[in-house]
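Presented below is the structure to which this report refers.
The values are calculated or read from the model by the stated rules, or taken from the named source; none is laboratory data. Quick caveat, the model's predicted, so the values are computed rather than measured. Cβ placement follows ideal geometry from the backbone for every residue including glycine, while neighbour counts extend to all protein chains displayed. With ligands, DNA and RNA removed, areas are computed over all heavy atoms of the protein, side chains included. Shrake-Rupley method; radii C 1.70, N 1.55, O 1.52, S 1.80 Å.
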Amino acid sequence: NLSTVSEFVFVGLSDAPEIRLPLFVLFLLIYLATMAGNITLLVAISTDSHLHSPMYFFLGNLSVLDLLCPTITVPKMLGALLLEHKEISFSGCLFQHFSLIAVVGTEIFLLAVMAYDRYVAVCHPLRYLSIVSTKLCAHLAVGTWAAGLLNSLLHTSLVFTLSFCGPNKIQQYYCDIPPVLALSCSSTRSRELVTLVVAGVLGSGTCVVTVVSYIYILLEILARNSPGIWHKAFSTCGSHLAVVCLFYGTTICTYVRPSFTYSPHRDRVLSMLYGMLTPLLNPIIYSLRNKEVKCALKGVISRV
């Protein structure tokens, strides 16, 4: 390790004292609402026997990821807003970076798996439980988490084996790839190229799986042309499609692009969308369009 930098300093969201407290209250409420929504959804899935199916198994994994994603970054941001404690150690920044990229990568792979699950449910409904078996669900879940961890290990090793010997102010409220790369005093061109290629290949690969799955779903709907098929398909796939568009759009705009297009202010907004808003909205989106989830949530709330 050739780095002489022992800690980094987050620039944060605002230095104005009159804004920091309202921002702290706002983001604390969003964080608490995110925790409450996803924990309630997890409890509903685990306790309601009607939700013990592959679709809700993957949804439970998504809720775990939505709990982890803001927990990695938001507490540190809240501490910076309230206590002005903006420093983070080199090893702490490395761990935060690794954890966040692992969670984001795992969620990208999981959304592709969920698209395949929806394809089987619509196109092969009679063989759904035999195709998407318990064994296959377990293998797919382990595979997505393993792929996310390996992807994060690659990106983290590329970034944190660079030399950091000059500025240490990160233009973000957490340790992200573009602002950390910008602080390195060694050449980052080759690392940026590898990062861009890997993110592009993995991101485009999962997008292809999702798009192809929905193309087959659309073709199946057009082929059947039965009454009420559009409404049934939308109720089955609409929630997942909304989550995919929200998550993929923000993450691709953040990571799959050259570093010279990096803009601190714009990227803070984008990172809040996938780091805070998406985990908050996911349980709401799935609850609004799903009668089974609504009934299970009502049961959980009534028991509480």
Worksheet, complete the sentence: Per its Cα gyration tensor (rounded if a/c is under 1.5, else prolate when a/b beats b/c, else oblate), the stretch 1-111 is best filed as oblate
Discussion item. Once each part is reduced to its C-alpha centroid, what is the distance from the stretch 76-149 to the stretch 165-194 in angstrom?
Written reply: 24
Response to the item:
For the chain the mean separation of alpha carbon contacts under 8 Å (6+ apart) over residue count, i.e. relative contact order in percent, is 29
Discussion item. Taking all protein chains in place and a 1.4 Å probe, what share, in percent, of the accessible surface of the chain do carbon and sulfur account for?
Written reply: 71
Worksheet item: Radius of gyration and Dmax for the stretch 7-302's Cα atoms, expressed in Å?
Response: 20.4, 66
Worksheet, complete the sentence: In this structure, the FRET efficiency calculated for E7 and S46 from their beta-carbon separation, with R0 = 45 Å, to the nearest 0.05, is 0.65
Practice prompt. Compute the Cα gyration tensor for the stretch 68-109, then decide on rounded, prolate or oblate, letting a ≥ b ≥ c be the square roots of its eigenvalues: rounded whenever a/c is under 1.5, prolate when a/b is larger than b/c in the other cases, and oblate in all that remain.
Written response: oblate
Discussion item. Assuming a strict under-25 Å limit between Cα atoms, what lysine pair count do you get for the chain once near-sequence pairs (fewer than 8 apart, same chain) are dropped?
Written reply: 6
Worksheet item: Which of the peptides 181-188, 276-283 is most tightly packed, and how do the rest follow, going by the mean number of other Cβ atoms within 10 Å of each residue?
Response: 276-283, 181-188
Worksheet item: If you roll a 1.4 Å probe over the heavy atoms of the protein chains, what accessible area per residue do you get for the chain, in Å²?
Response: 48
Fill in: Length released on extending from V64 to S89, taking residue separation times 0.36 nm less the Cα-Cα span
6.3 nm
Fill in: Listed residues E292, E18, E192, most fluctuating in the chain (Gaussian network, C-alpha, under 10 Å)
E18
Worksheet, complete the sentence: Looks like the stretch 18-73, by Cα gyration tensor root eigenvalues a ≥ b ≥ c and the a/c under 1.5 rounded cutoff (else prolate when a/b is bigger than b/c, oblate otherwise), is prolate
